Amino acid sequence: MAVDNLHRLFTPVQLGRVALRNRVFVPGHTTNFGRANEPTRRHAAYHAERAAGGVGLIVTEAIRVHPTSAGRHISLGSFDDSSIPVYAAVADAVHEHGAALFAQIMHAGRQANGDATRTAAWSASPLPWATGAHVPHAMGHADIAVVVAAFAAAARRMREAGYDGLEVHAGHGHLLQQFLSPRTNLRDDAYGGSPANRLRLTREVLTAVFAAAGDLPVGLRVSADEFLPGGLDPHAVVEIVATLRAEFPLAFVHVSHSAYHGSYSLATQMADMSFGHAPFRHHAALFTREFPDLPVLAVCRLDSLPEAAELVAAGDADLVGLARPHIADPHLVRKAMAGRQHEVRSCLACNQGCIGRLESGLPISCVVNPEVGAEREWADAWSDRSAGTARRVLVVGGGPAGLEAALSAARAGHRVTLAEAGDRLGGQVTLAARVPGRERLGLLTDDLARAVTAAGVEVRLGERIDAPGVLAGDFQDVIVATGARPARRELPGGPPVLDLATAVTDLVDPAAPLTGDVVVLDDEGTWAAASVAEQLARLGARVHLVSPTAGVSARITTYSKLALLDRFRQVGVRLHLMRTVRGAGPSSVELVDPMTAEAEPLAGVTAVVDAGAATADDDLYRALESRPDGPRVHLVGDANAPRTAFEAVYEGRLAGAFLGRHDTGPAQRVLLAH
C-alpha cells in the first residue's frame, strides 16, 4: 500500500461546521452496554478509548427516539430530558481526546419486537421482518405524528448534551426505510403508494430534526440496495437522496446497504470474511459520482486502514468507516500514523465476539481484543504492578490461548518461555485458516506470533514438554494451553471416517479429492463442519451435512448463517437435521430420526468426516496439578474445555495478566464478569 494513500486518510475534512482531524470514523454499532435504555460508564470508556486511538469521528450506536423502538432495556434511547446528562458524559469523554461525536437517531420499526419491553413493533404495514417474527402494528397518522415529534425531541436533547452532529438513520431496513421501500410499504394513504408518498415520513422527520438541531450538521444514513426483489435498488436510493438534498442542507450521506430482513440481505449488513474485502464499495462510489459536492461516508468490510485508503485515493468516498477493526484495535489510527501499522491487531471479520454476542443479548466483545467493554478495568489492571512480582513462566502450547497468555505475561513483566510441540505457532487456528474462505482466521495467530517475538518471549518450536520436563525447569508458573484432540468416531464395516485435520488437508491439497457422496457429521453446529461441507461441495462431492440439532449450524450467528445457507444452496449441500447415525455398510450410512426412530439410508457414501465434539488434551495439567512440589499450574483454552478462539484468547489474557496475584481484586472481579 502506497504511503501517500494512507497519508490521505489523515488529512482534515469538514462536515458542515465541524472540522474533523482525519477521514477515519467509527460508524454506529450496537454494544448492548445500555441500562434502562441509557448509556453507561462502559459507553464512555469504550468510545473514549477509540477517540484516544486517533479516529476523527465517532458515530454513536442507534439512539432510539421512542419506547416503541426500544425492543430491549440494553439498547439506547432518548425518551425524555432526564437522559441528557448521561449522554453528555459520553460526549465529554470523547471530546477529551480530540474526536468529534455525532448521534445517530432512529426508530427500528418492525424489528423492535418488544419481547423485553412488552411493546408492539410499529411499521408502515403489518409485515413481519422474518418468518415467525412478530407482526407489527401498522401505524396510524397519530402514531406517525408521535414519531416525528420524537425524532425532533431526541435531536434537541443530543444538541443540549454537546454532540457535534446528527445522523438520521434511514437505512438498514429500519422504520424510515420501511416507509421508503415498496417491499415493506403497502399503504394506500398519503404515506404509501407513489415514491413521493413513501418519502413523506422521511421528509417530515428531517424537517423536524433540522428545526431542532440548531447549527449542528445533519446527515443521512441510507441503504443503497436492499437486495430484495421488489425492494429499493441503487437507482431508487439515489433519487431519494437527490430529492431530499434539494430540500434540506444535508451535511453528508452515509452509504450502507441491506434491509433488516430474514434473508441474504441481512447477511450483507455485517458481511463476514466469506465476502472478501470491501464488497460494497461500489455503492459509495456511485453516490460520490452523483453528488460530487456532498461528503460521502463509506462503510462495511473495510478491514484495515491501508485497504480503506484505497477508496479515498480512488475518489470513491470522502470518509471511511471501520467499526469491527476499531473493536479489534481501538488505536489503529495512531499506530498507523506513527509508522506502526504492523502492530495493529487485525479484525477477522468472524462475527463471533461482536454481532454473535449481540444476537444472544450479551455485550459485545472481540476474539482478538478481550478488553472490549471493560476498558477502564483493564487499564487499571495493567497499571497496577504492585500486586505481583516478576516470575519465571512456562507456556506449553502455541495456539491462540498459549500465544495470548505468553504475550500478556510478558506485558505484565514476567520472564516467559513458550514451548510448542509443532514446527510452527498457531494451533488449530492454523488448520481452520487453510479452508478456503476462512483464511482471515490466520491473522489472529500471525499477529500474536509477531507480538510475542517483539515482546521478547523465548519461543521453542518442536519441543514437546512432559511433566518431568516441566519439573526439571526453574519455572514458578506453567500455563497449560495444549488444546484439544479432534473427534473421530468409528463406523465398523462402513466407509472410511476422517477427522477434521485429514479432511482439511484433502481440501487444500486434493491429490485424491473426495468425490461421490460425503457425509459430514456436525454435532455442534459450528463453522468447522459448515466450512468443510461447503468446500467439499465446491470440489465436486455430494455433501450431506448431518446434525442431531433442529437447526442448521446452530452456533453460527444469523448474520453469517443467512449467507452460508445461500452458498449451501448454490453448491448443493444437503441438510439432514434431527438425524443421528445408527449404522453403516461398506458404502452406506444409516441415519435415524430420534423422534420416530425411522431409518433414512444414504447410499453410495465414499467417506465420512467427523466434525463432532473434540476432547480436551489436558494430560499435562492432570500430571502437574496435584504435585505439591511443582509450579503453579494454570489451564486455558481448549485444554480447559473445547470451545472457540474467543474463549481461548480471553482466558490466555487473564492468565498472563494476573500471574502472581494471589488475591482477586476489584478489577479482576469485574473482568471475570465480562
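Things to note:
- Maximal additional length on extending the residue 160-residue 458 stretch stands at 101.8 nm, based on 0.36 nm per residue less the C-alpha distance.
- Computed label-point distance, nm, for sites residue 550 and residue 622 using a 7 Å Cα→Cβ extension: 3.6 nm
- Projected label distance in nm at residue 466 and residue 580, using a 7 Å step from Cα toward the beta-carbon: 3.8 nm
- Using only alpha-carbon positions in the chain, the gyration tensor eigenvalues give semi-axes of 44, 33, 22 Å once each is multiplied by 5 and square-rooted (largest first).
- Burial ordering of 445, 453, fewest other beta-carbon atoms within 10 Å first: 453, 445
- Cleavage-rule hits, GluC sites (Glu not before Pro), region 476-568, DSSP coil, Cβ neighbours within 10 Å at most 14: 490
- Inter-label distance for residue 138 and residue 233, nm, one decimal - labels placed 7 Å from Cα along Cα-to-Cβ: 2.7 nm
- Exposure proxy order (Cβ contacts within 10 Å, fewest to most) of 160, 38: 160, 38
- Computed from the alpha carbon atoms alone, the convex hull of region 1-83 holds 124 Å³ per residue.
- Cα centroid separation, region 1-63 to region 585-609 (Å): 53 Å
- Under the Debye formula (equal points on every Cα, no solvent term), log10 I(q)/I(0) of region 497-613 at q = 0.19, 0.22 Å⁻¹: -0.98, -1.30
- Annotation for region 176-190 versus region 533-551: alpha-carbon center distance of 39 Å.
- Mean residue ellipticity at 222 nm, helices only, the chain: -10500 deg cm²/dmol; runs of at least 4 DSSP H residues each add -39,500 (n - 2.57), and the sum is divided by the number of residues.
- Neighbours of residue 164, meaning other residues whose beta-carbon lies under 14 angstrom from its beta-carbon, give a summed charge of -2 when Lys and Arg score +1 and Asp and Glu score -1.
- Stokes-Einstein D (µm²/s) once Rh is taken as the Kirkwood radius of region 52-143 over alpha-carbon pairs, at 4 °C in 1.567 mPa s: 88 µm²/s
- Karplus-based coupling profile of region 169-176, in residue order and whole Hz: 8, 10, x, 6, x, 7, 4, 4, with θ = phi - 60° in 6.51 cos²θ - 1.76 cosθ + 1.60 and x standing for Gly or Pro.
- Amide H contacts of residue 588 (H built 1.01 Å from N, under 5 Å, at least 5 apart or other chain): 605
- Estimated translational D of region 562-634 in µm²/s (Stokes, Kirkwood radius over Cα pairs; 37 °C; 0.692 mPa s): 198 µm²/s
- With a cut-off of 9 Å between beta carbons, the residues surrounding residue 462 carry a summed charge of -1, where Lys and Arg count +1 and Asp and Glu -1.
- With neighbour counts taken as other beta-carbon atoms within 10 Å, the residues 576, 7 rank, fewest first, as 7, 576.
- Backbone geometry of region 183-191 corresponds, through the Karplus equation with coefficients 6.51, -1.76 and 1.60 at θ = phi - 60°, to 3J(HN,Hα) couplings of 6, 10, 10, 10, 6, 10, 9, 5, 10 Hz, x marking Gly and Pro.
Read-outs throughout are calculated quantities, based only on the coordinates presented, and are distinct from any laboratory measurement. All of these numbers come straight from a predicted model, not from anything done at the bench. Methodologically, a virtual Cβ is constructed for each residue, glycine included, from the backbone with ideal geometry; neighbour enumeration extends over all protein chains shown.
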